[in-house]
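The values are calculated or read from the model by the stated rules, or taken from the named source; none is laboratory data. Nothing here was measured: the structure is a model prediction, and the numbers come from that model. Virtual Cβ from ideal backbone geometry, glycine too; neighbours counted across all protein chains shown.
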Amino acid sequence: MPSSPESCQIPDHRLSIEKRSDGAIVVRVRSEGPEESRLPDAVFSFRNGDPQYAYWLGRLKAPTLDRP
């Protein structure tokens, strides 16, 4: 049974999303777990025209409790 898109969202406390001056969106997903066995953070970038660009732009602009 496919899961809904809402259930697949990465929690805001693990995300860092920024828009660079060239328009690219950079998404950093912080790893979890014990420090000695934690993997490096995952970093992705998206440019206008990429299939996921609009999604991440929407997450960047969405109001959250964690971001000012």
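What is the number of the single condition among (1) modelled with pLDDT under 90; (2) over 13 Å from the mean Cα position of the chain (by Cα) that residue 13 does not meet?
Going through the list (1) modelled with pLDDT under 90; (2) over 13 Å from the mean Cα position of the chain (by Cα), residue 13 breaks only (2).
Filtering segment 23-68 down to residues that are part of a loop (DSSP other than H, G, I, E, B) and surrounded by 13 or more Cβ atoms within 10 Å (Cβ to Cβ), which residue is modelled with the highest pLDDT?
Just the residues of segment 23-68 that are part of a loop (DSSP other than H, G, I, E, B), to begin with: 23-24, 30-34, 38-41, 47, 49, 51-52, 62-68.
Now drop any that are not surrounded by 13 or more Cβ atoms within 10 Å (Cβ to Cβ), which leaves 24, 30.
On the way: 24: 97, 30: 93.
Taking the candidates together, the pick is 24.
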